[in-house]
Amino acid sequence: MVTRLLTSLALASAATLPLAATPAFAQEKTEFSVCWSIYVGWMPWGYLEESGIMDKWADMYGISVDIVQINDYIESINQYTAGAFDGCSMTNMDALSIPSGSGVDTTALIVGDYSNGNDGVILKEGTSLEEIAGQTVNLVELSVSHYLLTRGLETVGLSEQDITVVNTSDADMVAAAATSDVTALVTWNPLLSEILAMDGTTLVFDSADIPGEIIDMMVVNTEVLEANPDFGKALVGAWYEVMSLMAAGDEDALSAMAAASGTDLAGYEAQLASTEMFFTPADAVAFTESGDLPATMEFVATFLFNHGILGEGAPSPEFIGVQFPDGSVYGDENYVKLRFDPTYMQMAADGAL
Amino acid sequence: MSTIENGAKPVAGVEHGPPPRHHPLRLINRAPSRRLAVFLGALPFVALVVAYTAASHVRRLDNPSDRLLPSLESIGAAFFRLATERDVRTGDITLWVDTFDSLTRLGLGLGVALAFALVLGIAIGFLPHIRSALAPFIAAVSLIPPITILPILFIALGLGETSKIALITLGTAPVMIRSMAQAVIDIPREQMVKVQTLGASTWQIVTRVVLPQMMPKLIAALRLALVPGWIFLISAEAIASTSGLGYRIFLVRRYLAMDVILSYVIWITILAYLLDRLLLWWSRSAFWWSHLEGDSL
């Protein structure tokens, strides 16, 4: 009997053991892995891996960096948060709500781009945002689409009380848009342009109206970065090598990224047009150090708090501390979990990598 | 003829050998006492809880705010909050609204599937012409994963309740129809011959011979359909919804609120178990004669 009890216990613990094994933080190591998902501004990560540019930079620092594509965006963030990866591509909003909200100290290592029209509000009936009042709106709830809509509603004196939000999977957004009972929706590219190509759809608000608020980044675990600066240097160095290829219009690189995102060169370039890529590290540093970032993060934190996403224990939007390059902190200074640190991007700008 | 020990029947061909020195009960004939049975049944559950608690504890030692494996207390607190407090934004008590909406969808979806299974199952099993016409088609349709044709369902039925209910029905009805048809075919030929010699019409055979024998089989098919039924319910609610158990799970997954997800998972498990037991109880009390052979799980 006792044996049987022990056997089942041992089996059960063996099954859950991988869950308990978080990476040994704050330790020097030589093998790293980062994850990314398909999005116009993150396609370079796939190219970094397949072109061997990442390996070249990793070898230079005597480490190895594995870049893994995850098909589901949220799952990639959850995997990073759970400790399965040392870094992951995500937006400023999701970085604050998921890893930072879960107590994982996270640093925005590379500020890659901001959405400048890649996210938008579409109406089937009506040509201005005011007309959205009273409609049901299909979107991925609690995503940047939801944030964009809330910011848009504010600009026309409406609030979420004036509409009904229907949580709709991004995978089914295009099919949903084709049905007659969907009259208003919010989504991102390439879905956005696909839906706008349908008859009778009008773009009434997009992220170009709130430039610089939806930021796409590569974030890494702060403790891993502090213990292994070479990891940060290799990632940043490799990233800006590909950025310079893109800025120069390197057809091989751009075609490879286009193919990986399921479109052709023209389609990918169209998506890039509504993305404000920071091709040079100096631009990224300037954006990160600009005075607008704290205001943006306050908007984001307020949105997350109002929707109950900062966590049950969150008494206010200032629950989680967000640190900016000048050392100033929005929120709790004793609980800083998200850091905008341009140190490594500055090294790239100075040619010090 | 050797003496019969332990109530075992003599087996042809072995009764001439010398009797074995010991007469141990074979493992298959030894049953645990009632108390031991309860203890054994509880064991895997206890092991799971212990293993979870340990893993959760280890993770939270590392990061007190870890959301992946929340403590049992915070799962309980999340459940209590969702079951008792009104949501600030909607004014509803989240858990009950979600449960009501989900059970309505599940009930309607399975109800429609049940009606199809009853009518088509009997028709296919009983009438050779209909069997020839529909059996291959139903067999083929039952192999289509319903989730793959979802965009067509959306266009045809809209994004509202109808397409969710249709997904559950599509996912469960074909298999139920096939098992009903098979059950009708399995009715002993002698019964059919006998009632026909007694002068029964086709309609009388259906209502007096086939239908009564189908009822317990229908409940059994429904119990089995509950499993895919829940899966399709959750998938449907994940795609486009404003309420429901699946909606909530996929929504809070966006910020890794595993305390909410796990309390919903436990709640769904309890609901599904109760539904299954309810159906079994109904079958046993109303159709006791079909439970005379052996135990049922």
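What follows draws every value from the coordinates through simple rules; no lab data is involved. Keep in mind that this is a model prediction, so the values were computed, not measured. Quick reminder, even Gly has a Cβ in these numbers, built from the backbone with ideal geometry, and neighbours come from all protein chains shown.
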| said: Relative contact order of the stretch B:82-288, please, whole-number percent, based on alpha carbon pairs below 8 angstrom and at least 6 residues apart. | reply: 26 percent
| query | Say R0 is 35 Å: what FRET efficiency, to the nearest 0.05, do A:Glu31 and A:Ala286 get from their beta-carbon distance? | reply | 0.55
| field | Compactness of chain A, expressed as Rg and Dmax over alpha-carbon positions, Å | value | 21.2, 73
| Neighbour-count ranking [beta-carbon atoms within 10 angstrom, fewest first] of A:Val140, A:Val220 | A:Val140, A:Val220
| Where labels lie 7 Å past Cα in the beta-carbon direction, separation of A:Asp162 and A:Val68 in nm | 4.5 nm
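Averaged over its residues, how many other protein chain Cβ atoms are within 10 Å of peptide B:253-263's Cβ atoms?
Values: counts 6, 15, 17, 11, 7, 3, 2, 1, 0, 0, 0.
Across the residues of B:253-263, the mean count of other-chain Cβ atoms within 10 Å is 6.
With loop defined by DSSP as not H, G, I, E or B, and exposure as at most 16 other Cβ atoms within 10 Å, which is the longest segment of chain B clear of exposed GluC sites (Glu not before Pro)?
Numbers: sites that count: B:Glu5, B:Glu15, B:Glu85, B:Glu293.
Maximal segment without exposed cleavage sites: B:86-292.
Going by a ≥ b ≥ c, the root eigenvalues of the Cα gyration tensor, does the stretch A:188-296 fall in the rounded group (a/c under 1.5), the prolate group (a/b larger than b/c) or the oblate group?
Numbers: a/c = 2.26, a/b = 1.40, b/c = 1.61.
Oblate is the answer for the stretch A:188-296, as a/c is 1.5 or above yet b/c matches or exceeds a/b.
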| field | Two-site label geometry, A:Asp326 and A:Asn306: point separation in nm, points 7 Å out along Cα→Cβ | value | 2.7 nm
| To the nearest 0.05, how large is the calculated FRET efficiency for A:Ala133 and A:Asp181 if R₀ is 25 Å and r is the Cβ-Cβ distance? | 0.90
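Want the number for B:Ser132 to B:Ala77: 0.36 nm per residue separation, take away the alpha-carbon distance, what's left?
Numbers: separation 55, 0.36 × 55 = 19.80 nm, distance 5.69 nm.
Using 0.36 nm per residue and subtracting the Cα-Cα distance, I get 14.1 nm.
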| How high is the relative contact order of chain A, in percent, with contacts defined as C-alpha pairs under 8 Å that are six or more residues apart? | 24 percent
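Of all the C-alpha pairs in chain B, what % are more than 28 Å from each other?
When every Cα pair of chain B is considered, 59 percent fall beyond 28 Å.
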| When the Cα centres of the stretch B:227-280 and the stretch A:276-353 are compared, how far apart do they sit, in Å? | 35 Å
| Using alpha carbon centroids, what distance separates the stretch A:210-232 and the stretch A:159-175, in Å? | 30 Å
| message | Using alpha carbons only, how many angstrom separate the centre of the stretch A:30-95 from the centre of the stretch B:122-163? | response | 43 Å
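Sort A:Cys35, A:Cys88 by Cβ crowding within 10 Å, fewest neighbours at the top.
Working: A:Cys35 22, A:Cys88 32.
If I rank by nearby Cβ atoms, fewest first, I get A:Cys35, A:Cys88.
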| remark: Calc'd 3J(HN,Hα), the stretch A:107-123, phi into Karplus 6.51 cos²θ - 1.76 cosθ + 1.60 (θ = phi - 60°), Hz, glycine/Pro = x, comes to 10, 7, 6, 10, 8, x, 6, 10, 6, 10, x, 6, 10, x, 9, 10, 10
| task | Return B:Asp98, A:Asp172 ranked ascending by Cβ neighbour count within 10 Å, so the fewest neighbours appear first. | result | A:Asp172, B:Asp98
| message | Using the Karplus curve 6.51 cos²θ - 1.76 cosθ + 1.60 with θ = phi - 60°, what ³J(HN,Hα) values do you get for each residue of the stretch A:46-57, in whole Hz, with x for Gly and Pro? | response | x, 5, 4, 6, 6, 7, x, 5, 4, 4, 4, 5
| field | Size descriptor, Kirkwood hydrodynamic radius, that averages inverse alpha-carbon separations across the protein assembly as shown, Å | value | 28.7 Å
| For chain B, which span is the longest to avoid every loop-located (per DSSP) member of trypsin sites (Lys or Arg not before Pro) having at most 12 other Cβ atoms inside 10 Å? | B:90-297
| field | For the stretch B:267-274, Karplus couplings with θ = phi - 60° (6.51, -1.76, 1.60), whole Hz, Gly/Pro x | value | 4, 4, 4, 5, 4, 5, 5, 4
| 5 angstrom amide H check on B:Asp92, placed H, neighbours 5+ away | B:Asp87
| task | May I ask you to derive the FRET efficiency for B:Ile231 and B:Gln182 from their Cβ-Cβ distance with R0 = 35 Å, giving the value to the nearest 0.05? | result | 0.90
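Quick one: grab the alpha carbon gyration tensor of the stretch A:252-353, order the square roots of its eigenvalues as a ≥ b ≥ c, and give me rounded if a/c is under 1.5, else prolate or oblate depending on whether a/b is larger than b/c.
Values: a/c = 2.91, a/b = 1.55, b/c = 1.87.
Oblate.
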| Among rounded, prolate and oblate, which fits the stretch A:244-307 when a ≥ b ≥ c are the square roots of the eigenvalues of its C-alpha gyration tensor, a/c under 1.5 means rounded, and a/b larger than b/c means prolate? | oblate
| query | B:Trp203 versus B:Val50, label points 7 Å from Cα toward the beta carbon: distance in nm? | reply | 6.5 nm
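Could you work out the relative contact order of the stretch A:119-209? I mean the mean sequence separation of Cα pairs under 8 Å and 6+ apart, divided by the number of residues, in percent. Write out the running numbers ahead of the final one.
Values: 155 pairs, mean separation 45.3, N = 91.
Relative contact order, the stretch A:119-209: 50 percent.
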| Built amide H within the under 5 Å cut-off of A:Ile110, gap 5+ | A:Met218
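Restricting to DSSP loop positions (anything but H, G, I, E, B) with no more than 12 other Cβ atoms inside 10 Å of their own Cβ, which GluC sites (Glu not before Pro) remain in the stretch A:32-97? If you can, show how the numbers build up before the last one.
Working: sites: A:Glu49, A:Glu50, A:Glu75; in loops: none.
Here no GluC sites (Glu not before Pro) fit, given the DSSP loop and packing criteria.
What does the average come to when, for each residue of peptide B:41-48, you count the partner chain Cβ atoms lying within 10 Å of its Cβ?
Working: counts 0, 0, 5, 3, 0, 4, 10, 5.
The per-residue average across the peptide is 3.
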